[in-house]
Amino acid sequence: MTETVETVEQDAETKGVRHLRVGIMSFAHVHAASYAALLRDDPTVTLVCADPDGAADVAAGDETRGRPFAEHLGVEYVDSYEELFATGVDAVLVCSENTRHRELVELAAAHGAHVLCEKPLATTVADAEAMIAACDDAGVNLMAAYPVRFSPDFVALREAYRSGQLGKILIANGTNNGKIPVGARAWFGDPELAGGGCLVDHTVHVADLMDALMEAEPVSVYAVSNDILHRDKPEAKAETAGLVHITYDNGVTLVVDASWSVPDNGPTWGGLTLDLVTDQTLVHIAPFAHAVTGVSAASQPSAFYTLGVNLDRLMLDEFFASIRENRPAQPDGHAGLRTVKILDHTKA
C-alpha cells in the first residue's frame, strides 16, 4: 500500500512535465557527484554518465572516476561519449577538466544537446567564443554553472539593489577561499588541465555575482598572486593565493580574495562572501554560512551540517526549465565569457 501511495504522489508531481534524458560528461569535477545524485533521484529525468578520460585513474585504482564511481552512485554508465549520445540525450552537463570544456561542448552541440558547462566556461577567450558560436549554430542552450547566483541571499540582495533600496554601490569586496584540491581532484592545481590555480578556481563565482548584480562591463583588471601556501604539496603546481582588483565601467571596484587557505581539517570545503559599500549602507552576504559547525580535536575534520538550500538543485531547475520552456538559460554562455575575460587579464 505504501508503494502505491508514493507512486501516485510522484505521478501527480510530474504529470505534464516533459521528461528529459540527461548525460553527465566526465566525473573530473567535484560537482559531478552532486549533480549525479540529484538527477538520479529526479523522476522527470533519465540519467546516463560517461567518463572515458577517467580510465587511467581507474586503472591506477582510483574509484572516484569511471564505472566504479557510477556504480557507487547508483547511476547508469556507458564507456564512451559516442554511446552516451546514442541514447538520445536532450541535454548534458560538462564536468571535465577546464581545458577540455571546449571539445566536449562542441561535441554536445554537434549532437543537438543543450549544455550546462562547469565553471570557468573555458580557459581562453577564443575557446569560450567558439563554444558560444557552436551552441548558437546548433540552436541549443549553453549555460554556465554558477550556482551561487541562485542562493536566496544573493537573490534578495539583487532585488533590494534593483529596487533602489541600497543606493549606489561604491566598492565591493568578495572572498572565495577553499581547501587545496587533492587526490582525484588535484588537477585543479595543474595549469595544463585547469588553466591556472586558485585564481581560476575561485575568482569567477564572485565576479559572476557582480556581473549579475550590476550588469556592468569590466574595464580594467589587476591581479597579484603567490604560491606560498601548500608549497610542500605536489598538488600545488600553480598559485595558491591571490587578490584580483576589477574596475567596472560604472566606476565600481571589486576586490576578490581567492585562495586555497582553508586548513585540511576545516569543517567544509570553504565559503564565499560578498560585501558592498554603498552611499547609503553596508551589505554583507555569506551564502554558504547557513550551517551548524563545531571544532573537533587534533587534525580531525570539524563537524558541519548545512541548513541552506541546495544551490546545485536550483541551478539545475533553471537549466531544465529553459529547455522545457524553449528559452535561453541564465547565466548563459556570454556570462561565462565575461568572467573568462577577467581571468584572461589575471594571467597577463
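The values are calculated or read from the model by the stated rules, or taken from the named source; none is laboratory data. This is a predicted model, so every value here is computed, not measured. Ideal geometry is used to build each Cβ from the backbone, glycine not excepted, and the neighbour counts take in all protein chains shown. Note: accessible area is taken over every heavy atom of the protein model, side chains too, but ligands, DNA and RNA are not part of it. Shrake-Rupley method; radii C 1.70, N 1.55, O 1.52, S 1.80 Å.
Looking at the structure I just gave you, is VAL219 open to solvent by 50 Å² or more (accessible area, probe 1.4 Å), more than 17 Å from ASN177 (Cα to Cα) and hydrophobic (A, V, I, L, M, F, W, C)? Step through it out loud before you land on a result.
Values: open to solvent by 50 Å² or more (accessible area, probe 1.4 Å): yes; more than 17 Å from ASN177 (Cα to Cα): yes; hydrophobic (A, V, I, L, M, F, W, C): yes.
It is true that VAL219 is open to solvent by 50 Å² or more (accessible area, probe 1.4 Å), more than 17 Å from ASN177 (Cα to Cα) and hydrophobic (A, V, I, L, M, F, W, C).
Going residue by residue through the stretch 274-292, is there one that turns out to be among the charged types (D, E, K, R), at pLDDT 95 or above and assigned to a strand (DSSP E or B)?
Taking the stretch 274-292 as the starting set, the residues that turn out to be among the charged types (D, E, K, R) are 275, 279.
Now drop any that are not at pLDDT 95 or above, which leaves 275, 279.
Filter once more, keeping what is assigned to a strand (DSSP E or B): 275.
So far as the stretch 274-292 goes, yes, one or more of its residues are among the charged types (D, E, K, R), at pLDDT 95 or above and assigned to a strand (DSSP E or B).
Does LEU193 fit the bill of being open to solvent by less than 30 Å² (accessible area, probe 1.4 Å) and assigned to a helix (DSSP H, G or I)? Don't jump to the end; show me each part of the working.
Values: open to solvent by less than 30 Å² (accessible area, probe 1.4 Å): no; assigned to a helix (DSSP H, G or I): yes.
So LEU193 does not fit the description; no.
Could you look through the stretch 296-348, keep only residues that are part of a loop (DSSP other than H, G, I, E, B), under 30 Å from VAL262 (Cα atoms) and among the aliphatic types (A, V, I, L, M), and pick out the one that is modelled with the highest pLDDT?
VAL309
May I ask you to list the residues in the stretch 210-256 that are touching a strand residue (DSSP E or B) at 6+ places or on another chain (Cβ under 6 Å) and not in a strand (DSSP E or B)?
Within the stretch 210-256, MET210, ALA216, LEU229, GLU239, ASP249, VAL252 meet the criteria.
Within the stretch 68-88, identify whether any single residue is β-branched (Val, Ile, Thr), under 19 Å from HIS334 (Cα atoms) and in contact with a strand residue (DSSP E or B) (Cβ under 9 Å, 6 or more places away or on another chain), and answer yes or no. Working first, answer last.
Kept after step one, since they are β-branched (Val, Ile, Thr), are these residues of the stretch 68-88: 75, 78, 87.
This time we only want the ones that are under 19 Å from HIS334 (Cα atoms), so: none.
Scanning the stretch 68-88, I find no residue that is β-branched (Val, Ile, Thr), under 19 Å from HIS334 (Cα atoms) and in contact with a strand residue (DSSP E or B) (Cβ under 9 Å, 6 or more places away or on another chain), so the answer is no.
For the stretch 241-286, give me each residue that is hydrophobic (A, V, I, L, M, F, W, C), closer than 21 Å to ASP227 by Cα, open to solvent by less than 50 Å² (accessible area, probe 1.4 Å) and over 20 Å from the mean Cα position of the chain (by Cα).
Residue satisfying the conditions is VAL255 alone.
Among the listed residues ALA109, ALA134, which satisfies the condition of being open to solvent by 10 Å² or more (accessible area, probe 1.4 Å), free of Cβ contacts under 8 Å to residues at least 60 places away in the same chain and not charged (D, E, K, R)?
Details: ALA109 fails: open to solvent by 10 Å² or more (accessible area, probe 1.4 Å).
Testing whether each residue is open to solvent by 10 Å² or more (accessible area, probe 1.4 Å), free of Cβ contacts under 8 Å to residues at least 60 places away in the same chain and not charged (D, E, K, R) leaves just ALA134.
If I filter the stretch 235-292 down to residues being among the β-branched types (Val, Ile, Thr) and in contact with a His (Cβ under 6 Å, 6 or more places away or on another chain), which single residue comes out as farthest from VAL182 (Cα to Cα)? I'd like the intermediate steps shown before the answer.
Step one: of the stretch 235-292, the residues among the β-branched types (Val, Ile, Thr) are 240, 244, 246-247, 252-253, 255-256, 262, 268, 273, 277-278, 281, 283, 285, 292.
Keeping just the survivors that are in contact with a His (Cβ under 6 Å, 6 or more places away or on another chain) gives 240, 255.
On the way: THR240: 13, VAL255: 27 Å.
Going through the qualifying residues, I end up with VAL255.
For every residue, the table says whether it meets (1) touching a Ser or Thr at 6+ places or on another chain (Cβ under 9 Å); (2) buried (at least 20 other Cβ atoms within 10 Å of the Cβ).
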site	(1), (2)
GLY139	no, no
ARG149	no, yes
ALA160	no, no
GLY167	yes, no
GLY178	yes, yes
ARG185	yes, no
PHE188	no, yes
VAL200	yes, yes
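Regarding the stretch 152-170, can at least one residue be identified that is touching an Asp or Glu at 6+ places or on another chain (Cβ under 8 Å), closer than 21 Å to LYS341 by Cα and at pLDDT 95 or above?
Filtering the stretch 152-170 for residues touching an Asp or Glu at 6+ places or on another chain (Cβ under 8 Å) gives 167-168, 170.
If we keep only those that are closer than 21 Å to LYS341 by Cα as well, we get none.
Within the stretch 152-170 (the criterion being touching an Asp or Glu at 6+ places or on another chain (Cβ under 8 Å), closer than 21 Å to LYS341 by Cα and at pLDDT 95 or above), the answer is no, since none of the residues qualifies.
The rows are residues; the columns are (1) touching a Leu at 6+ places or on another chain (Cβ under 8 Å); (2) of a type in the set (A, V, I, L, M, F, W, C); (3) free of Cβ contacts under 8 Å to residues at least 24 places away in the same chain.
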residue	(1), (2), (3)
GLU217	no, no, no
ARG231	no, no, yes
THR240	yes, no, no
HIS245	yes, no, no
ASP249	no, no, no
VAL252	yes, yes, no
LEU282	yes, yes, yes
ALA286	yes, yes, no
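Sort out which residues of the stretch 163-178 are of a type outside the set (A, V, I, L, M, F, W, C) and more than 26 Å from the chain's Cα centre (by Cα), and write them in order of number.
Matches in the stretch 163-178: SER163, GLY164, GLN165, GLY167, LYS168.
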